[in-house]
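Q: Got a structure for you, questions after.
The values are calculated or read from the model by the stated rules, or taken from the named source; none is laboratory data. Keep in mind that this is a model prediction, so the values were computed, not measured. In this analysis, Cβ positions are derived from the backbone assuming ideal geometry, glycine residues included, and neighbour counts consider all displayed protein chains.
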Amino acid sequence: MLRFHAYGFLLTGLMLLTGGWVVLPGILVKKQYVIEEESRLYLKGTSNVNKFTCDCEDHYPAKTFEVEGTGSLVRFQNTTLDIATRKFNCHNAKMDHDMQKALKADKYPNIRIELLETKQDAKHFSPGNRGWFEVQAKAKLTICGVTKTQQIAAKAQILSTGKFRLVGYQSILMTDFGIDPPTALFGMIKVDNQIEFHFDLSVRVSEVVSSQG
């Protein structure tokens, strides 16, 4: 089961590298990606009494996206990923309820991440390279109907042909998205405004095989 520790996202994310394919400037190429089962996405936060981690347990089907490369800059289209707000598991029933209430799960059932572009040194896609390298990603994050563009720093590794690992995290302020940090016990327990979305993703990217009738 894919476990998403709340960030969703990110970054987000995040997540899609062309890795090794030749992508020509000005030409959109269709690819398909799958987030593998061993991936983890999660949210970490603190309150005035403890620390907590929330997992989102969900499955993500294969999706098709479009990619355009211009040297070390890669731009994406159709990379939207929706994460079910009610899939968050904070390992405490009261915390689950308070977090879903804060995220307005009834009105906004999904958190949405859209990858826009990544920047990385093209030399890391050379044949046989299996080392870690830095990736700078730009993504749109939508929570409770509020959309903000985020710059996300991550580390990536080519695991095999067409398979990549992406690791990183992003800090956000809940109030930036119109979220009131959850409280409990008549306000005696207060969740801090800043939370971290962590991701450790294994992503497989493949060519799109067009069917011919």
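To keep it simple, each residue is scored yes or no on (1) charged (D, E, K, R); (2) touching a residue at least 40 places away in the same chain (Cβ under 8 Å).
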position: LYS138; (1), (2): yes, no
position: LEU141; (1), (2): no, yes
position: THR147; (1), (2): no, no
position: GLN151; (1), (2): no, no
position: LEU159; (1), (2): no, yes
position: TYR169; (1), (2): no, yes
position: ASP176; (1), (2): yes, no
position: PRO181; (1), (2): no, yes
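Q: Being assigned to a strand (DSSP E or B) and farther than 20 Å from SER202 by Cβ is true for just one of LYS138, LYS155. Which residue is that? Before the answer, list the steps.
A: Numbers: LYS155 fails: farther than 20 Å from SER202 by Cβ.
After applying the criteria, what remains is LYS138.
Q: (1) in contact (Cβ under 8 Å) with a residue 24 or more places away in the chain; (2) crowded, with 18+ Cβ neighbours inside 10 Å; (3) touching a helix residue (DSSP H, G or I) at 6+ places or on another chain (Cβ under 7 Å); (4) not in a strand (DSSP E or B): which one isn't true of ASP98, the others all being true?
A: Among (1) in contact (Cβ under 8 Å) with a residue 24 or more places away in the chain; (2) crowded, with 18+ Cβ neighbours inside 10 Å; (3) touching a helix residue (DSSP H, G or I) at 6+ places or on another chain (Cβ under 7 Å); (4) not in a strand (DSSP E or B), the lone unmet condition for ASP98 is (3).
Q: Scan the strands (runs of 3 or more DSSP E) fully inside region 28-72 and keep the ones with 1 or more residues being modelled with pLDDT of 75 or more, closer than 20 Å to PHE197 by Cα and hydrophobic (A, V, I, L, M, F, W, C).
A: 29-35, 40-46, 51-58
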